[in-house]
Amino acid sequence: MYRVNAQSRMIEEACLKFGMKYRLVGGIRFYQRKEVKDLIAYLRSVNNPEDQVSLKRILNIPPRGVGTTTIDRLMFWAKKENITINTVLNRLSMDHSNTSDVAQLLPPRALKSLIELETLITELRKMSKSSSVVHLIDFILEKTSYRAYLQNKFEDHEDRWENISELRNAAFSFRDLGPQEDLNRLLEHLALVTDLDSYDQSADGITLITLH
């Protein structure tokens, strides 16, 4: 039993580490929570330009006027040219006159937002070579106004922000590894725990529950 949902992370990871089954009552497993997955998607996009799944997730998170039609057009163009979405964004950013075929397919607001996102990711990739992963997380949260997004969209925004803070705590434990390596190791760790976190919750095991 624990007081807030965010505290489940360390208990869940301990269960996974020692192969102990557990059931989470009245909540979603830590690494399946939307806000946690959003932030991880940003970090994965920074670390791996080829990760199209993560990049696609953050194209409009927080909302920046990039709708499903725009995303479909980006996906279509990337497939047509046999390139990644990341490469499409790079080309949009370099086409200052907005005369490319793909730029002509996009609404002006969405085009502007996508270029801003590409600029942010490029800046984060440069930062990752000399800054800690905790600094990267703070920069992402600040530049995307992610806390304001949670406040405007969700009634339980404080609980969701606590989950973000807990993920930041997880990143802090890798601080001694140095820039870039701490990001790599954090993502490796997250990949491991999310892969393991897939067994049947109906099986007998420890019950995890918040106690207010």
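The values are calculated or read from the model by the stated rules, or taken from the named source; none is laboratory data. Since the structure is predicted, the reported quantities are computational estimates derived from the model, not experimental observations. Heads up, the Cβs are rebuilt from the backbone with ideal geometry, glycines too, and the neighbour counts pull from every protein chain shown. The area values use the complete protein model at the heavy-atom level, side chains included, leaving out ligands, DNA and RNA. Shrake-Rupley method; radii C 1.70, N 1.55, O 1.52, S 1.80 Å.
Couple of notes before you dig in:
- Within segment 42-79, the set of residues being in contact (Cβ under 8 Å) with a residue 24 or more places away in the chain and among the basic types (Lys, Arg) comprises 44, 56, 64, 73.
- Considered as a group, the residues in segment 54-74 that are open to solvent by 70 Å² or more (accessible area, probe 1.4 Å) and in a helix (DSSP H, G or I) include one that is nearest to residue 150 (Cα to Cα), and that residue is 57.
- Qualifying residue in segment 143-158 (condition: without any contact (Cβ under 8 Å) to a residue 24 or more places away in the chain and over 24 Å from residue 34 (Cα atoms)): no
- Qualifying helices (runs of 4 or more DSSP H) (wholly inside segment 83-202; at least 2 residues being open to solvent by 80 Å² or more (accessible area, probe 1.4 Å) and at pLDDT 90 or above): 108-127, 133-144, 146-153, 157-172, 181-196
- Count - residues of segment 164-183 that are in contact with a helix residue (DSSP H, G or I) (Cβ under 7 Å, 6 or more places away or on another chain) and farther than 16 Å from residue 140 by Cβ: 3
- On inspection, residue 113 does not qualify as touching a Pro at 6+ places or on another chain (Cβ under 6 Å) and touching a residue at least 12 places away in the same chain (Cβ under 8 Å).
- Applying the set (1) surrounded by 19 or more Cβ atoms within 10 Å (Cβ to Cβ); (2) modelled with pLDDT of 90 or more; (3) farther than 30 Å from residue 208 by Cα to residue 48 leaves exactly one unmet item: (1).
- Filter pass, residue 58 being within 18 Å of residue 171 (Cα to Cα) and at pLDDT 90 or above: no
- For segment 25-39, taking the residues that are surrounded by fewer than 20 Cβ atoms within 10 Å (Cβ to Cβ) and of a type in the set (A, V, I, L, M), the one that is nearest to residue 127 (Cα to Cα) is identified as 28.
- Segment 116-142, subset of a type in the set (Asp, Glu) and touching a residue at least 24 places away in the same chain (Cβ under 8 Å), residue farthest from residue 87 (Cα to Cα): 138
- Residue check, residue 107 within 18 Å of the chain's Cα centre (by Cα) and touching a residue at least 24 places away in the same chain (Cβ under 8 Å): no
- Pairs linking a residue in segment 159-187 that is touching a residue at least 60 places away in the same chain (Cβ under 8 Å) and under 11 Å from residue 131 (Cα atoms) to a residue that is of a type in the set (Gly, Ala, Ser) and buried (at least 18 other Cβ atoms within 10 Å of the Cβ), with Cβ atoms under 9 Å and 6 or more positions apart or on different chains, are 183/128; 183/132; 183/171.
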